[in-house]
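Engineer: Below: one structure in structure tokens.
Read-outs throughout are calculated quantities, based only on the coordinates presented, and are distinct from any laboratory measurement. Every value quoted in this text rests on a predicted model; they were computed, and no experiment measured them. All Cβ positions, even for glycine, are placed from backbone atoms using ideal geometry, and neighbour counts span all protein chains on display.
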Amino acid sequence: MGKFFREAFKGRMEVQEIIKQCYAIGNKSLVLISLTGFITGMVFTKQSRPSLAEFGATSWLPSLVSIAVIRALAALVTALISAGKVGSSIGAELGSMRVTEQIDAMEVSAINPFKYLVVTRVVAATITIPVLMSYCGMVGLMGAYLNVALNEGTSLQTFIQKAFEQITFLDIGTSLVKGIAYGFTIGIVGCYQGYNAKKGTEGVGRAANSSVVISMFLIFIEEVIIVQISNYFRV
Amino acid sequence: MKETNQEPIIHIKDLYKSFGDLDVLRGASLDVFRGENVVVLGRSGTGKSVLIKILVGLLTQDRGTAQVLGKEVATLTEKELRDLRLKIGFSFQNSALYDSMTVRENLEFPLVRNIANLTRGQIDKEVETVLDAVGLLQTINQVPSELSGGQRKRIGIARTLILRPEIMLYDEPTAGLDPITCLEINELINEVKEKYKTTSIIITHDLTCAKVTGDRIAMLLDGSFVRQGSFEEVFDTSEERIKSFFDYNFIQ
Ligand SMILES: Nc1ncnc2c1ncn2[C@@H]1O[C@H](COP(=O)(O)OP(=O)(O)O)[C@@H](O)[C@H]1O
Ligand SMILES: [Mg+2]
């Protein structure tokens, strides 16, 4: 990790390679995030309706759902999907490059593999995952809207207005911080596991697997910490 | 330091390296002089790869001297090590081609990352020159997974040649190849020596390869060099350990 910051700010950035990695990350998880985000928004709305209906408060549905999606669901859905798809593929990719000596080959041809492979992927994940998270939130709200529109006949305009009534700058900021933290975690854990993979084919599998497990574990811890800090500012 | 013909390009003295309880190198000493092809022979697991990895700073010895072009590899700064590595071509046992890149990109990669401001035309010309040198111009747009083992070895060698190394280190260049491909690779090694005026260490346990490519043979046994000399000199011995190696290879 210390090495990451030392190498990251040394010399010129591998901009082209970072863009390529951003694209790869987006490409890998976009479909799954769209689907899961949409369904999460829709199902959450559907499940919340009965409890609100008891108090005759179904008109609160949009704000309730949007708070849930923006404060918690979008971040978690994106983080878990990315940890699974992006984390494991970074771990496996770098792991197989380590095992087949491609990383050594870069080193002996006087190329800095850490900068070229690790820094680019960590930066790309840190940039891309917050973007995916915002996208997931949007898709989730679309799912919620669809459900509300079908049941309550709410117009899109009313829905948007109500949805964002309760959303504060703090909520958006917290989500963004989460996105950055989770993206960085997924990137650095995947890279660490892959870059330090043990020889042999099982080394690759282990790198991929532990990338997912460790980054999910860290994300849960970070979630708790970030929410605590954010709640501290709320009161 | 002035380099004369007598000064070794590679100077290894009393080299020790162990991994945990496993003593791999135990006092290995070897000198390689300019323009020579030295073959390092030894059974699997005797530390042949470890030896040349120490020479390029991928591993560091526990004890002893490993000098390349007059510089002690283990004590170099990052920048000095980089400069030294530019002068050394390392052909990996499994070729280590970048499997996400085409052959062209594999060859370009070390070039564009080490030499600034090359034009597209210059890059293409260099790539084609070295590909032609290994006889594989037609594979330029293929990806490594489409190549045969022998082709991969050649591309791996071409990738190191593109930086015009003074020294070539070949790690088992013929391992896992059929006999005819082996002969072709052996020829290639000799051609590289002629054309690019390289000094080489060739690691192998293949006696034909040793005989054809080696100006001198050094036999690595139990972590140190037990015999050095011409092919005949090394194997003209009554020592059981060496004879068994020789016999075993010809029975195969
Ligand atoms: N990085 C490493 N970590 C631990 N053990 C290693 C490492 N590299 C090599 N070894 C061990 O050192 C011994 C010699 O390896 P190597 O030099 O690859 O043998 P060979 O002569 O077949 O090339 C082997 O037993 C190998 O397992
Ligand atoms: Mg070896």
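Engineer: Over all alpha-carbon pairs of region B:18-148, lay out the pair-distance distribution in 10 Å bins, whole %, shortest bin first.
Structural biologist: 10, 32, 32, 22, 5, 0
Engineer: Tell me the volume per residue, in Å³, of the convex hull enclosing the alpha carbons of the protein assembly as shown.
Structural biologist: Given the Cα convex hull of the protein assembly as shown, per-residue volume reads 192 Å³.
Engineer: Specify the longest stretch of chain A that does not include any exposed loop site, a site being one of the trypsin sites (Lys or Arg not before Pro) with a non-H, G, I, E, B DSSP assignment and at most 13 other Cβ atoms within 10 Å.
Structural biologist: Answer from the scan: A:13-197.
Engineer: May I pose another question? Expected output is a single nm value to one decimal: the length gained when fully extending between B:Lys79 and B:Glu187, i.e. 0.36 nm times separation in residues minus the C-alpha distance. What is it?
Structural biologist: Net length gain for the segment: 35.4 nm.
Engineer: Quick one: Cα centre-to-centre distance for region B:214-230 and region A:167-233, in angstrom?
Structural biologist: 51 Å
Engineer: Can you compute the modelled spin-label distance between A:Met1 and A:Lys198, with each label point 7 Å from Cα toward Cβ, in nm?
Structural biologist: For A:Met1 paired with A:Lys198, the spin-label model returns 2.4 nm.
Engineer: So what does log10 I(q)/I(0) come out to for region A:2-233 at q = 0.17 Å⁻¹, using the Debye formula with one equal point on every Cα and no solvent?
Structural biologist: -1.12
Engineer: Pull out the extension gain between A:Val43 and A:Val213, defined as 0.36 nm times the separation in residues minus the alpha carbon to alpha carbon distance; nm, one decimal.
Structural biologist: 58.5 nm
Engineer: Can you give the FRET efficiency for A:Leu35 and A:Ala8, using 1/(1 + (r/R0)^6), R0 = 35 Å, r = Cβ-Cβ distance, to the nearest 0.05?
Structural biologist: Taking R0 as 35 Å, the efficiency between A:Leu35 and A:Ala8 is 0.55.
Engineer: Please give the helix A:120-152 orientation as an angle from the longest Cα principal axis of chain A, in degrees from 0 to 90, rounded to the nearest 10.
Structural biologist: That helix lies at roughly 20 degrees to the long axis.
Engineer: Given the alpha-carbon gyration tensor of chain B, what are the semi-axes of its equivalent ellipsoid in whole angstrom, ordered largest first, with each equal to the square root of 5 times an eigenvalue?
Structural biologist: Equivalent ellipsoid semi-axes, largest first: 30, 22, 16 Å.
Engineer: Just the number: Rg to Rh for region A:137-229, Cα atoms, Kirkwood Rh, two decimals.
Structural biologist: Rounded to two decimals, Rg/Rh equals 1.20.
Engineer: Right, another one. In region A:30-118, what chymotrypsin sites (Phe, Trp or Tyr not before Pro) fall in a loop by DSSP, with at most 15 other Cβ atoms inside 10 Å?
Structural biologist: Answer by residue number: A:Phe55.
Engineer: Set the bar at 26 Å for Cα to Cα. Now go through B:Lys71/B:Lys197; A:Lys20/B:Lys153; B:Lys13/B:Lys79; A:Lys28/A:Lys178 and name every pair that lies beyond it.
Structural biologist: Pairs exceeding 26 Å: A:Lys20/B:Lys153.
Engineer: What is the P(r) of region B:102-252, as percent of Cα-Cα pairs per 10 Å bin from 0?
Structural biologist: P(r) for region B:102-252, in whole percents per bin: 10, 36, 30, 16, 7, 1.
Engineer: What trypsin sites (Lys or Arg not before Pro) in region B:166-215 are in a loop by DSSP, with at most 16 other Cβ atoms within 10 Å of the Cβ?
Structural biologist: Sites meeting the loop and neighbour criteria: B:Lys197.
Engineer: Starting from the coordinates of the alpha-carbon atoms of region B:97-164, obtain the Kirkwood hydrodynamic radius over all distinct pairs and give the value in Å to one decimal.
Structural biologist: 11.7 Å
Engineer: Can you give the mean number of other chain Cβ atoms that lie within 10 Å of the Cβ atoms in peptide B:104-110?
Structural biologist: Averaged over the peptide's residues, the number is 2.
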